[in-house]
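Undergrad: Below is one structure. I have some questions about it.
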Amino acid sequence: MERGETVKILVCDDEADRVGELLEQLDDGGMADQAVPLAGSDLTDTLTTFFHSVKKCLDDPANFDGPRAVVFDDYDIGLFDNRLSHLKLGGPPLTAEAVVGYVRAFTRMPYTVSLNKNPDVDFDLRYLVGDYETRADLALNTEHLSRACLWTAARGEGADFRPWYWPRLPRAAERRRKQIELVLRHWRDPLLAVLQLPTDEQSLSFLSLHPRSALSPNVDSHGIEDRKGIDELRFCDVFLAKSRSIPTERDRRKISDALENPAEVSAFLSNLAARVVAADLDLWMRRDIIGPQEMLVDVPHLLLRMPFLLGDAAGDIAAWNAAVFSETAPFGMDPLLYEEHIADAVYHGSEWVESPAFKWPDLKNNQKLNDLFFLQTTRRWADVVFCEDTSTFETRSVGSGGAVVREFEAEFEGPWKRRFVSRIADIQYKPTGRLAGVSSSH
Amino acid sequence: MEINQLMRRYAWKGVGEWSRADQGLQKNAHICVGGRIAENPTQANLALDVRHNNDPRARFIPMPRLRCPSVDVGFFFAPVCQGNVVSFDLVCVAGSICFGLRFEPPGEGTHRYAHFQFTSNMLGKAHPLSGMPPLPESYPAFPTGTSDTVQLFLYLVTAVHGYHGGALELLGEIFREASMTHHLAEYTETMRRVLGVTAEPGHQ
């Protein structure tokens, strides 16, 4: 087993024996020696102290001089089992969902994972992001932790369950730190430009309604007075609008008001706000930008649209699969075609994407590229589909292991919502209705 | 990609654009075709399965963006007639008026040749188009020279979308969105042949 990158993982559960199960799965994933458990009364004591600090801050954020050190600060990734009902904290039964937002905001832990919120879901057919409602950065199930792809660049063989939308967690935590730094530096700047996304009207027209409006209810794309266009939206605007980390608007408003006076605001509050916004933007990028593949397109989906970019290897499925995880230019494409037509469209906001991506509006409007598409003899291109559940290209009718690949319709508004999965046995794809009525043949 | 699948994906594209169309345009269209419009992919799929005009599932299927500057929206319907030969009905709506065209295989009587003609009788004679100006409906009957479903469909889409910058790009989009670019040549080569295209993009 390839060893993962060095990363410090905190495993939180209400019951010590269940922590043992989590650690076993991490061991299968090669990560047990980097994981530390926090369970039972230790977790109760930690959360009690932690929430005391949170309350003190929210009561008077302008005069809060910073929290006491808490163990969460020392770790890169927190795994929180959603079932925390045995913690003796008083009040209603606790869940990870009630905790992780505050951990994100009030500690230096960059990345949180909620475990077992949806134990009967392995693969998300709706938005290809996992549980989009989780307050954590990612929602997984215990058995997923043993998958090496969450921790390393290991590819495995054939039809291994390896959702394309899963991040490699150590890298995700590191990217989060960079995201936070960026947000902190540009707090009052328009975020699209800082994220290096196109802001011209024609490129923005590639965004469907949901991406345009998801970051703030005050964004408008129809020129109504007193409303901002998405190209004017700032990082500080997102903080007030989103409730994923700090649920109540009243608390967010108090913090936002305290941030209004830069001369007096504490470094702690500035960092808190940056952490919150960075996490919301990361989800927006995954759910609304990368998922729909409208404004940005990644390598496998670009090859499906323009197979000729593989040059003479366009008929070789091995070349398609070699390109999927390529991280350096020309990303498996023909070098000449890449230099002439693709290089200028590379998306440079590497903090915000898991894999290389390109600005689709630029490529779509490239007439030479489009002419190349129709001038080629398409029969020379391999007849393949990209399976979102295995991160592999498979021939249309039969995937690895003999399973028939299945087409499904994700819930995106744009044109690129039809995707494919291998349908691996014992993997639960939900909601199953998205597989209905879509033929996988021809 | 079989022609039935292509028509479905073409229909899904049209239905998607129809759902975002201006309400005034939708209202006019509903009046013209008697309200029998496929409003979602499921209804479009069912409409493409019907075998005769009087089937209650028969509906007009919205077409993707047209190239006709004076036409607001187009609809098509493709009932199977005379065995497995498909005819195509086309309705174009411009404001409160519309007109219908039917692409038919050879029939009985004087129309013993594949042709297209104006018609107001769609989805059965009980539901004539509303708002169609008085146009001759049996003649002229322009020969099409083919009963082949693929060719008739390509004629239909080229007629309303144009070729370069229209039907060609639309087919490209459909095949890309379906991850089926490998199969595009089957249709583009047929299109070039039956339309007599002599110049290609990039060569002009």
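Values in this text are rule-based calculations from the coordinates and carry no lab data. These figures come from a predicted structure and were not determined experimentally. Ideal geometry is used to build each Cβ from the backbone, glycine not excepted, and the neighbour counts take in all protein chains shown.
Undergrad: Relative contact order, percent, of chain A when contacts are C-alpha pairs under 8 Å separated by at least 6 residues?
TA: 16 percent
Undergrad: If one computes the Cα centroid of region B:42-57 and of region A:53-129, what distance in Å separates the two points?
TA: If you average the Cα positions of each part, the centres end up 52 Å apart.
Undergrad: So if we plug the beta-carbon distance of A:Ile427 and B:Asp22 into 1/(1 + (r/R0)^6) with R0 = 25 Å, what FRET efficiency do we get, rounded to 0.05?
TA: In this case the efficiency is close to 0.05.
Undergrad: Still on this structure: Normalised by the number of residues in chain B, what is the relative contact order in percent for Cα pairs under 8 Å and 6+ residues apart?
TA: Reported as a whole number, the value is 16 percent.
Undergrad: Within straight cross-link reach of A:Lys8, meaning Cα distance under 15 Å, which aspartates and glutamates are found once same-chain residues fewer than 8 apart are removed?
TA: Leaving aside aspartates and glutamates fewer than 8 places away in the same chain, those within reach of A:Lys8 are A:Asp27, A:Asp33, A:Asp73, A:Asp74, A:Asp76, A:Glu174.
Undergrad: Separate question: Quick one: order A:Thr49, A:Thr432, A:Thr95 by neighbouring beta-carbon count within 10 Å, fewest to most.
TA: Least crowded to most crowded, the residues run A:Thr432, A:Thr49, A:Thr95.
Undergrad: Related question: What residue among B:Ser179, A:Thr46, A:Val121 has its Cα farthest toward the positive end of the dipole of the protein assembly as shown, where the charges are +1 on Lys, Arg and -1 on Asp, Glu, each on the Cβ?
TA: Of the options given, the answer is B:Ser179.
Undergrad: Now for a separate question. Place +1 on the Cβ of every Lys and Arg and -1 on the Cβ of every Asp and Glu in region A:100-235, take the dipole about the Cα centre, and give the residue among A:Trp164, A:Gly229, A:His186 whose Cα lies farthest towards its positive end.
TA: A:His186
Undergrad: Still on this structure: Read phi for every residue in region A:235-242 and hand back ³J(HN,Hα) as whole Hz from Karplus 6.51 cos²θ - 1.76 cosθ + 1.60, θ = phi - 60°, with x for Gly and Pro.
TA: Going residue by residue, I get 4, 5, 5, 5, 4, 5, 7, 9 Hz, with x marking Gly and Pro.
Undergrad: What are the ³J(HN,Hα) couplings of region A:295-312, residue after residue, when phi is run through the Karplus curve with 6.51, -1.76, 1.60 and θ = phi - 60°? Round to Hz, x for glycine and proline.
TA: With coefficients 6.51, -1.76 and 1.60, one gets 8, 10, 10, 8, 4, x, 6, 5, 5, 5, 7, 9, x, 5, 5, 7, x, 5 Hz.
Undergrad: Can I ask one more? Under a point spin-label approximation (7 Å from Cα along Cα-to-Cβ), what is the B:Asp55-A:Glu339 distance to one decimal in nm?
TA: 5.6 nm
Undergrad: Give the order of A:Ile427, B:Ile61 when sorted by the count of other beta carbons within 10 angstrom, beginning with the fewest.
TA: A:Ile427, B:Ile61
Undergrad: Taking the Cα centre of region A:165-280 as origin and charging only Cβ (+1 Lys, Arg; -1 Asp, Glu), how large is the dipole, in debye to the nearest 20?
TA: For region A:165-280, the charge dipole is close to 760 debye.
Undergrad: Taking the Cβ-Cβ separation of A:Glu21 and A:Ala193 as r and a Förster radius of 41 Å, what is the calculated FRET efficiency to the nearest 0.05?
TA: FRET efficiency, A:Glu21 to A:Ala193: 0.35.
Undergrad: For the pair B:Arg192/A:Lys8, report the inter-label distance in nm, with labels modelled 7 Å from Cα in the Cβ direction.
TA: The two pseudo-label positions are separated by 6.4 nm.
Undergrad: How much FRET efficiency would the formula 1/(1 + (r/R0)^6) give for B:His164 and A:Ala32, where r is the Cβ-Cβ distance and R0 is 56 Å, rounded to 0.05?
TA: Result of the calculation: an efficiency of 0.40.
Undergrad: Please list the non-local residues whose amide H lies under 5 Å from the amide H of A:Val36, H modeled 1.01 Å from N, same-chain partners needing a gap of 5 or more.
TA: A:Ile9, A:Leu10, A:Val11
Undergrad: Sorted by packing (mean other beta-carbon atoms within 10 Å per residue), highest first, where do A:303-312, B:189-198 land?
TA: Packing order, densest peptide first, comes out as A:303-312, B:189-198.
Undergrad: What dipole magnitude, in Debye to the nearest 20, does the protein assembly as shown give about its Cα centre under +1 on Lys/Arg Cβ and -1 on Asp/Glu Cβ?
TA: Taking the Cα centre of the protein assembly as shown as origin, the dipole is about 1640 debye.
Undergrad: A further question follows. Find which of B:Leu168, A:Leu138, A:Leu150 sits farthest along the positive direction of the dipole of the protein assembly as shown, computed with +1 on the beta-carbon of Lys and Arg, -1 on that of Asp and Glu, about the Cα centre.
TA: So the residue furthest toward the plus end is B:Leu168.
Undergrad: Quick one: dipole size for region A:79-122, taken about the Cα centre, charges +1 on Lys/Arg Cβ and -1 on Asp/Glu Cβ, in debye to the nearest 20.
TA: Dipole magnitude for region A:79-122 comes out near 260 debye.
Undergrad: Beyond a 25 Å Cα-Cα separation, which of these cross-linked pairs lie in this structure: A:Lys117/A:Lys430; A:Lys178/A:Lys359; A:Lys117/A:Lys178?
TA: Those over the limit are A:Lys117/A:Lys178.
Undergrad: Here is a follow-up. Using Cβ counts within 10 Å as a stand-in for footprinting exposure, how do A:Phe235, B:Phe99 rank, fewest first?
TA: Final ranking by Cβ density, sparse to dense: B:Phe99, A:Phe235.
Undergrad: By how many nm would the segment from A:Thr46 to A:Leu209 grow when fully extended, if each residue of separation counts as 0.36 nm and the alpha-carbon distance is taken off?
TA: 54.5 nm
Undergrad: Now, a different point. Using the Cα gyration tensor of region A:209-331, with a ≥ b ≥ c the square roots of its eigenvalues, what is the shape: rounded (a/c below 1.5), prolate (a/b larger than b/c) or oblate (neither)?
TA: It comes out prolate by the Cα gyration axes.
Undergrad: I've got another one for you. Along Cα→Cβ, 7 Å out, is where each label goes; now give me the distance between the ones at A:Asp371 and A:Arg185 in nm to one decimal.
TA: Distance between label points: 4.1 nm.
Undergrad: If a helix is a whole DSSP H run, which ones in chain A reach 20 Å or further along their own axis (Cα) and hold a mean Kyte-Doolittle hydropathy of at least 1.0?
TA: Span-like helices in chain A: A:267-284.
Undergrad: Let me ask something additional. Name the shape class, rounded, prolate or oblate, that the alpha-carbon gyration tensor gives for region B:1-137, where a ≥ b ≥ c are the square roots of its eigenvalues, rounded holds for a/c under 1.5, and otherwise prolate holds if a/b is larger than b/c and oblate otherwise.
TA: Oblate.
Undergrad: Please list 3J(HN,Hα) in residue order for region A:107-118, calculated via the Karplus relation 6.51 cos²θ - 1.76 cosθ + 1.60 where θ = phi - 60°; whole Hz, with x for glycine and proline.
TA: Calculated HN-Hα couplings, in order: 10, 8, 5, x, 9, 10, 10, 9, 10, 6, 5, 10 Hz.
Undergrad: Taking square-rooted eigenvalues a ≥ b ≥ c of the alpha carbon gyration tensor, is chain A rounded, prolate or oblate, where a/c under 1.5 means rounded and, failing that, a/b exceeding b/c means prolate?
TA: oblate
Undergrad: I need to check one value: relative contact order of region B:41-98, counting alpha carbon pairs closer than 8 Å and at least 6 residues apart, in percent.
TA: Answer for region B:41-98 is 28 percent.
Undergrad: Which whole number gives the average count of other chain Cβ atoms within 10 Å of the Cβ atoms across peptide A:413-423?
TA: Mean number of neighbouring Cβ atoms from other chains: 2.
Undergrad: Continuing with this model, one more query. I'd like the mean, over residues of B:91-99, of how many other protein chain beta carbons sit within 10 Å of each residue's own Cβ.
TA: Rounded to a whole number, the mean comes out at 0.
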